[in-house]
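The values are calculated or read from the model by the stated rules, or taken from the named source; none is laboratory data. These numbers come from a predicted model, not from an experiment. All Cβ positions, even for glycine, are placed from backbone atoms using ideal geometry, and neighbour counts span all protein chains on display. Please note that ligands, DNA and RNA were not included when accessible areas were found on the heavy atoms of the full protein model with its side chains. Shrake-Rupley method; radii C 1.70, N 1.55, O 1.52, S 1.80 Å.
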Amino acid sequence: MTHVIVVGAGQAGAALSARLRQQGFEGQITLIGEEPVAPYQRPPLSKKYLTGELPIDRLYLRPASFYADQNITLMTGCRVERIDRAARRVITPRGPLAYDALVLATGGRARRLPQALGGGLDGVYTVRTLADVDAMAPEFVAGRHLFIVGGGYIGLEAAAVARQRGLTVTVLDASSRILNRVASAQTADYIRAQHLAHGVEIIEGETLDHLTGVSRVDGALLSNGRQIPADFAIVGIGLAPATELAEAAGLDVADGITVDALCRTSDPAIYAVGDCASFPHGAGHLRLESVPNAIAMAEAAADAILGHGTPYRPNPWFWSDQYDMSLQIAGLSTGYDRVVSRDSDRGKSFWYFAGARLLAVDAVNDPRAYMLGKRWLEAGLSPNPAHVADASRELKSLGTS
């Protein structure tokens, strides 16, 4: 093994490159990114970077000197055009590069509104890249009206920033409630209440007919005929995995690039990690969009490339900051049949169970509940749901099975 090429200079690509060096790999590493900047953190983009609390130099994952010091060739502003699997090369505008192992860490792209719905109007933004947020930041001026399509975490985080800046905010979610895809009704109710208390208008169960405006957005027309004025709009309707390279190369793809437990694609010389990869989970495959998964999966793939990999087993966790709310999530709630709520003097938590088995916990301003829940989940332990709901019982004293 003499040359590992990593396509995608985001969190996963950077973590994999660093892991290879940490594990003693002495061959060549080339990290290729489409964006013209070094790898950076994405989660703060819709939070502290957008508010101006986090300067750009603190957004970068590593100092600029790191890549040279670690003998990692960082190629920014470079889009890989295709993969030549037979010759084990990637083709770039700067010439072909031969690899012994190739890693696809291509992440995903924000889903956009179709042109017919106004997605091409000026003043319509998505939140995915540094350039996205730099472009929209000047729009956050007190007194203006922001219309947000999508009541997921990205949309709600942007809503919180906008209200803190003194903007009027309307959030539209076509499903029956916000966070419908990722959280329980109980968690959604709690978060909705916080946004309403801060003056955000939330419209649920209604669809967008189209954004209005000639060349620039000036409002939204809903399917029920209601017109809402807007100075600009943010579309937060999810992420599409960036699988074009893999598909063109003939790799297996199904809601992400399909990999085995060692993060190998259907070509054993090519690996995939992070948001773009779908790994074995239970009886099927799972794709996770989170920084912790990107890092853990990248490190697992690096170990596999070096010949001492073990099957990847994620311990999912996520977070979201909105106003003074710190929401921490451990586990995956898929398949839950009941949710137990628990109040504490610190905050509130929502515990997801399937029968007696704990699946996940959402903890709002309650880091102790989050940490205990995460620890139990990683150990495969479950507390008694009735005991969790009893706030008179100390969580740490609860028995588990």
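Here r is the Cβ-Cβ distance between S65 and H198 and R0 is 45 Å; the resulting FRET efficiency, rounded to 0.05, is 0.60.
Among A233, A64, A12, the largest mean-square fluctuation in a Gaussian network model of the chain, built with springs joining Cα atoms closer than 10 Å, belongs to A64. Here the chain has 49 percent of its accessible surface on carbon and sulfur atoms, given a 1.4 Å probe and all protein chains in place.
As a length-normalised measure over Cα pairs under 8 Å and 6 or more apart, the relative contact order of the chain settles at 14 percent. For the chain, the solvent-accessible area with a 1.4 angstrom probe is 43 square angstrom per residue.
Extent of the stretch 88-155 along its three principal axes (Cα atoms, max minus min coordinate, largest first): 55, 25, 24 Å. Here the chain carries DSSP beta bridges of which approximately 60% are antiparallel, counting only pairs with both residues inside. What is the stretch 233-273's relative contact order, in percent, from Cα pairs under 8 angstrom and six or more apart in sequence? Relative CO of the stretch 233-273 lands at 25 percent. A quarter of the convex hull surface defined by the alpha-carbon atoms of the stretch 148-284 gives 11.4 nm² as the mean projection.
Neighbours of R346 by Cβ distance under 9 Å: Lys/Arg scored +1, Asp/Glu scored -1, total 0.
For the stretch 136-180, the convex hull drawn through the C-alpha positions has a volume of 59 cubic angstrom per residue. Here the Karplus relation 6.51 cos²θ - 1.76 cosθ + 1.60, evaluated at θ = phi - 60°, turns the backbone of the stretch 27-38 into coupling constants of x, 7, 10, 10, 10, 10, x, 6, 6, x, 10, 5 Hz, with x for every Gly and Pro. Based on the alpha-carbon gyration tensor of the stretch 279-320 and its eigenvalue square roots a ≥ b ≥ c, which shape applies: rounded if a/c is under 1.5, prolate if not and a/b is larger than b/c, or oblate? Oblate is the answer for the stretch 279-320, as a/c is 1.5 or above yet b/c matches or exceeds a/b.
Span-like helix criteria (full DSSP H runs; alpha carbon extent of at least 20 Å along the helix axis; mean Kyte-Doolittle hydropathy of at least 0.5) are satisfied in the chain by 291-305.
For the Cα trace of the stretch 1-126, dividing Rg by the Kirkwood Rh returns an Rg/Rh value of 1.04. Length gained on full extension, R216 to D345: 41.7 nm, using 0.36 nm per residue less the C-alpha separation. E299 exposes around 60 Å² of accessible area when a 1.4 Å probe is run over every protein chain in place. Between I56 and R357, the simple label model (points 7 Å from Cα in the Cβ direction) yields a spacing of 4.8 nm.
Rounded if a/c is under 1.5, else prolate if a/b beats b/c, else oblate: with a ≥ b ≥ c from the C-alpha gyration tensor eigenvalues square-rooted, which is the stretch 1-64? Cα axes put the stretch 1-64 in the prolate bin.
Considering only Cα atoms, the convex hull volume of the stretch 229-301 works out to 125 Å³ per residue.
Rolling a 1.4 Å probe over the protein heavy atoms leaves E206 with an accessible area of roughly 40 Å². Each stretch of four or more DSSP H residues adds -39500 (n - 2.57); spread over every residue of the chain, this sum gives -6500 deg cm²/dmol at 222 nm.
Mean sequence separation of contacting Cα pairs (under 8 Å, at least six apart), scaled by the length of the stretch 176-317, corresponds to a relative contact order of 12 percent.
Just add up the charged neighbours of D122: K/R +1, D/E -1, any other residue whose Cβ is under 13 Å from the Cβ of D122. Neighbour charge sum, excluding D122 itself: -2.
The Rg/Rh ratio of the stretch 262-364, with both radii computed over alpha carbons and Rh defined as the Kirkwood radius, is 1.07. Spatial offset of the stretch 139-211 relative to the stretch 51-125 amounts to 29 Å, using the alpha carbon center of each.
Between L359 and Y352, F353, A354, the built amide H atoms are under 5 Å apart, and every one of these is 5 or more places off in sequence or on another chain.
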